[in-house]
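No value in this document is a laboratory result; all are computed from the given coordinates. In this text the structure is predicted, and so the values were computed from the model without any measurement. Every residue, glycine among them, receives a Cβ derived from its backbone with ideal geometry; neighbour counts consider all protein chains shown.
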Amino acid sequence: MKINFINRFKWIRTAVCLLSGLFLACACGSDEQDDGKFRLRIAYSPSLCQAPLHLAVELGFLEEEGIIAENVQVDAAHVQEAIGANQVDVGFGLIGKFLQPLQNGLPIKFTAGIHTGCIKIFALPGSGLSKIADLKGKRIGVPGLAGAEALIAKRALFMNGIKTDPRDGEVEFVVFSRNELGQALQNGVVDAVSLGDPVAAQMIESYNATTIVDTAKSPEFALEYCCAAFVSKLLAEKHPEIAAAFTRAILKASAWVAEHPEEAAKLQLEYKYVAGNQKLNSDILKSYNYKPSVKGGYDAIVLSSGQLAELGVLDKSTNPEEFAKNSYIFFDDVKDTYSAEESLPPKFKKADK
């Protein structure tokens, strides 16, 4: 069942929670239904890389785990506020953008790495910019200074010895909306852009742009999970069995997407989760490593939190291992990964009967 953000009753219920100042402590979250299934509020956005999340709903992976999926559309830029206001229970997102909010008390736990890739840094052809070292002294356009796009760019520059601190930085980050970044690049207001797919891939194709960093392929990032599944801390504490069930469903859906990117792209369009061209969308999905891994997500937090601490984005005293332990939850009844053979969509199984 897909609804546009939240229905009227839930607006009233959420307002009561917010006005009472109880936030996560109030009993406004999901609960079991009369049929014994658990209604779970799933934060989703029209992001191509969320294919496993979208299809876990539509192909029955969540239903098979005893979960009634209630889609709550939340702009990717505002998912943290939705979590803080207890409007959603689970979701899927770029690890990097959650780390500073996590250090500041964002009440979530990551549960599994889902895929690599999905952010690109690129420049116009003929610009003379083709590698990270070329970005020294340049202006990089990003949709936000705290977003994953800016953090990936900072990490890439850091690994190549280029300073990013605004006080003595060797690059300048310039913020534009996603819709304005292409024009800013064409007009020379910025020299390069760091952006997530599918918009990044569409711009690169449209401008015949030069890709400087592709986190799905560039050696600095190719093996690192960029996106992970998460659950609210409240759900993890009150209903760990449901948090585990959600994680299993997403792992299986991700394994299925890895084997069927064309079908996944087709279904995302049919169910109206994303827009775009099916061939381009499927090509993008093929470029990601949708071999999900619980441990892979944990390792990505260790790596990125350590670098972000050195960059000063996180507290300089941050211990990466301790940070990851506090940000993650492992379940005894969830395997590290699932094979394609274990991931036949329940909807297809029913159709075969």
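Couple of notes before you dig in:
- Kirkwood Rh, angstrom, region 86-165 [1 / mean 1/r, Cα pairs]: 14.8 Å
- Rounded to two decimals, the Cα radius of gyration of region 119-214 over 2.2 N^0.38 Å is 0.94.
- Put simply, the amide H of CYS227, placed in the peptide plane, has neighbours under 5 Å in ILE95, ILE114, HIS115, leaving out anything fewer than 5 places away on its chain.
- Stokes-Einstein translational diffusion, the chain - Kirkwood Rh over all Cα pairs, 1.002 mPa s, 20 °C, in µm²/s: 103 µm²/s
- Restricting region 283-337 to trypsin sites (Lys or Arg not before Pro) that sit in a DSSP loop and have at most 10 other Cβ atoms within 10 Å of their own Cβ leaves LYS316.
- Estimated FRET transfer efficiency when R0 is 25 angstrom, pair GLU241-GLU322 (beta carbons, to 0.05): 0.40
- Based on C-alpha pairs under 8 angstrom that are at least 6 apart in sequence, the chain has a relative contact order of 24 percent.
- Antiparallel DSSP beta bridges within the chain, percent to nearest 5: 55 percent
- Restriction of the chymotrypsin sites (Phe, Trp or Tyr not before Pro) in region 225-334 to DSSP coil positions whose beta-carbon has at most 16 other beta-carbons within 10 angstrom yields TYR271, PHE330.
- In order along region 262-276, the phi-based Karplus estimate (6.51 cos²θ - 1.76 cosθ + 1.60, θ = phi - 60°) of 3J(HN,Hα) comes to 5, 5, 4, 4, 4, 5, 4, 5, 4, 7, 6, 7, 9, 10, x Hz; Gly and Pro are listed as x.
- Residues whose amide H lies under 5 Å from that of LEU314, counting only those 5 or more places away or on a different chain, are ALA309; hydrogens are built 1.01 Å from N in the peptide plane.
- When the trypsin sites (Lys or Arg not before Pro) in region 229-273 are filtered for DSSP coil states and for at most 10 other beta-carbon atoms within 10 Å of their beta-carbon, the remaining sites are LYS272.
- 3J(HN,Hα) along region 186-197, derived from phi through the Karplus expression 6.51 cos²θ - 1.76 cosθ + 1.60 where θ = phi - 60°, amounts to 5, 7, x, 5, 10, 8, 8, 10, 10, 8, x, 6 Hz, with x in place of Gly and Pro.
- P(r) tail fraction, region 212-308 - alpha-carbon pairs more than 17 Å apart, %: 62 percent
- HN-Hα J in Hz across region 279-289 - Karplus 6.51, -1.76, 1.60, θ = phi - 60°, x for Gly and Pro: 5, 4, 4, 5, 5, 5, 4, 5, 6, 8, 9
- Additional length obtainable on full extension of the chain from MET159 to GLU342, 0.36 nm per residue less Cα span: 62.0 nm
- LYS136 paired with ALA275, simple spin-label distance in nm, labels 7 Å along Cα-to-beta-carbon: 4.1 nm
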